[in-house]
Amino acid sequence: MLSTMQDVPLTVTRILQHGMSIHGTSQITTWTGEAEPQRRTFAEVGRRATQLANALRDELGIDGDQRVATLMWNNAEHVEAYFAIPSMGAVLHTLNLRLPAEQLVWIVNHAADRAVIVNGSLLPLLAPLLPHLPTVEHVVVAGPGDRSLLTGTDARVHEYEDLIAGRPTTYDWPELDERSAAAMCYTSGTTGDPKGVVYSHRSIYLHSMQVNMAESMGLTDRDTSLVVVPQFHVNAWGLPHATFMTGINMLMPDRFLQPAPLAEMIERERPSHAAAVPTIWQGLLAEVTANPRDLSSMKQVTIGGAACPPSLMEAYDKLGVRLCHAWGMTETSPLGTMAHPPAGLSAEEEWPYRVTQGRFPAGVEARLVGPGGERLPWDGESAGELEVRGAWIAGAYYGGAGGEELRPADKFSEDGWLKTGDVGVISPDGYLTLTDRAKDVIKSGGEWISSVELENALMAHPEVAEAAVVAVPDDKWGERPLATVVLREGAAADYAVLRAFLAERIAKWQLPERWALVPAVPKTSVGKFDKKVIRRQYADGELDVTEL
Ligand code: ADP
């Protein structure tokens, strides 16, 4: 029997129309570095997005599912592009501005982007690439920056504000298939070549609803979210879409992502929520320790993208800011889990839940698979690779123009589940604890050592600012851990002290013998520890290693 319900497509267009009308008075505040930030209501942003869609169609000739890229910071114009492009049926392609030039070129060519909307401040990055981007016919520049850098380019150059000025504020939005492409994002390539994940209207819609559920971020139009996680990093974790559904106000840092301006933004604009990777929170903590600021408005902070050291959570607890751990990937839109403890527990009882990656929402099915392909129980002990499936989880990668979708066997199981490459355990009540990424785990004499556990233990030492542990080749054991440590300013802890500190928390056979002090841990384009670089530095003899 068929249902008797209406079959209404779940589209980004619908989210736009809802946000700009029902939540028309909610605001996007964008930091400008000047006395006053830029403030725009959802109604204005929606109107301008509509004008942008008209301009893209009538002036640039964007048609069908052509790709329009953005090379932008988090700001109101970027949100306008987020809604204009998919709503007209085209595909939004967010470009990661921290990628090396050759990867950006590869990605733009692979996606065959026809136009790029770029922030003026990023023209020094884009301009030299343009001769290598034959598909890019149009460049639209928004915000301050030196336009003369584009002199001589073959692409047509447009000024964002001039382009949209005077355009109609209505658009006859097409009836879209909810399964068609709305946006795409390439994985940041920590694990090899970038791979294109293509989100559908439907996946974005359903994911936004999940982001808004109380068991996830659970915000309302009374909240303001400081969206630090870049719009080029998995759609800023879905926040621009989620906010237009429920009217959550957004505070956008634009290019002011250093700890000092972030601290100032929080004190002045008093957001109730924020979202960012752990390295941002580490930096902000050092900043407010040196120059105290009022962070008390932030009731909840979503932290993910890499494991959050428990010591960081404790430090923020003391400031009255509760970090809530979340796990996800580009391939999972990204919301996969969030670590809200079950009801009815004391603060002390909540702690072991808070330091997990969290539990799965109904929309994400999970299973653990052992080395031989066997399914492992959710007993909180059996460690295996996490595989997931759901309506906002990728089932393939984009194959490029005319190419077939890619389903590499190391990323997708035969029955279509996503192999996350993350290793962990799941408790009987569905809380995921990741022990490592499969490629970072240290395989020592047939046993596995978790690099994340060693890092967390090291970062709990008061004199350690950051620590990254990687596997290095060892004649006797196959692999052993190498600890690279960044000390706090003025700290003098030596390796023996750190090793003794670890010995109180970690089994003796897991303790690193190789140690190196480093000025900073190398980071990937989205601010995660770049262990590939550390392994290479070690192999090339660039680290000053002491053996204990
Ligand atoms: P990339 O794979 O290029 O780093 P992603 O942003 O998609 O790009 O990264 C997803 C990966 O980040 C996950 O597979 C996982 O290893 C890691 N990750 C994300 N959130 C967490 C978390 N809360 N704890 C530990 N690791 C995390």
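The values are calculated or read from the model by the stated rules, or taken from the named source; none is laboratory data. A quick note: this is a predicted structure, and the numbers were derived from the prediction, not measured. Heads up, the Cβs are rebuilt from the backbone with ideal geometry, glycines too, and the neighbour counts pull from every protein chain shown.
The set of residues in segment 322-350 being touching a residue at least 24 places away in the same chain (Cβ under 8 Å), closer than 16 Å to residue 427 by Cβ and either assigned to a strand (DSSP E or B) or away from the ligand (no atom under 16 Å from the Cβ) (or both) consists of 325, 327, 336, 337, 338, 342.
Only one of 411, 439, 443 is charged (D, E, K, R), within 13 Å of the ligand (Cβ to nearest atom) and surrounded by fewer than 16 Cβ atoms within 10 Å (Cβ to Cβ). Can you tell me which?
Going through 411, 439, 443 in turn, just one is charged (D, E, K, R), within 13 Å of the ligand (Cβ to nearest atom) and surrounded by fewer than 16 Cβ atoms within 10 Å (Cβ to Cβ): 439.
The set of residues in segment 1-30 that are hydroxyl-bearing (Ser, Thr, Tyr), part of a loop (DSSP other than H, G, I, E, B) and crowded, with 16+ Cβ neighbours inside 10 Å comprises 11, 26.
Of everything in segment 420-432 that is more than 9 Å from the ligand (Cβ to nearest atom) and surrounded by fewer than 21 Cβ atoms within 10 Å (Cβ to Cβ), the residue that is nearest to residue 328 (Cα to Cα) is 430.
Any residue at all in segment 180-190 that's out of contact with any strand residue (DSSP E or B) (no Cβ under 7 Å at 6 or more places or on another chain) and away from the ligand (no atom under 16 Å from the Cβ)? Checked segment 180-190: no residue is out of contact with any strand residue (DSSP E or B) (no Cβ under 7 Å at 6 or more places or on another chain) and away from the ligand (no atom under 16 Å from the Cβ). Selection over segment 246-258 of residues that are crowded, with 19+ Cβ neighbours inside 10 Å and either assigned by TED's automatic domain parsing to the domain that holds residue 92 or not charged (D, E, K, R) (or both) gives a count of 8. With respect to the conditions (1) in the same structural domain as residue 510 (by TED's automatic domain parsing); (2) modelled with pLDDT under 95; (3) out of contact with any Gly (no Cβ under 9 Å at 6 or more places or on another chain), residue 409 falls short on a single one, namely (1).
Taking the conditions (1) of a type outside the set (Asp, Glu); (2) over 23 Å from the mean Cα position of the chain (by Cα); (3) assigned to a strand (DSSP E or B) in turn, residue 293 satisfies each one other than (3). Annotation note: of 96, 74, the sole residue that is closer than 22 Å to residue 159 by Cβ and of a type in the set (S, T, N, Q) is 74. Just one of the numbered conditions (1) away from the ligand (no atom under 16 Å from the Cβ); (2) assigned to a loop (DSSP other than H, G, I, E, B); (3) not polar (S, T, N, Q) is not true of residue 306: (1). Filtering segment 256-277 to residues that are assigned to a helix (DSSP H, G or I) and touching a residue at least 40 places away in the same chain (Cβ under 8 Å) leaves 261, 265, 266, 269. For segment 370-394, the tally of residues that are in a loop (DSSP other than H, G, I, E, B) and in contact with a strand residue (DSSP E or B) (Cβ under 7 Å, 6 or more places away or on another chain) stands at 9. So, residue 127, is that one modelled with pLDDT of 95 or more, in a helix (DSSP H, G or I) and within 24 Å of residue 162 (Cβ to Cβ) or not? The answer is yes for residue 127.
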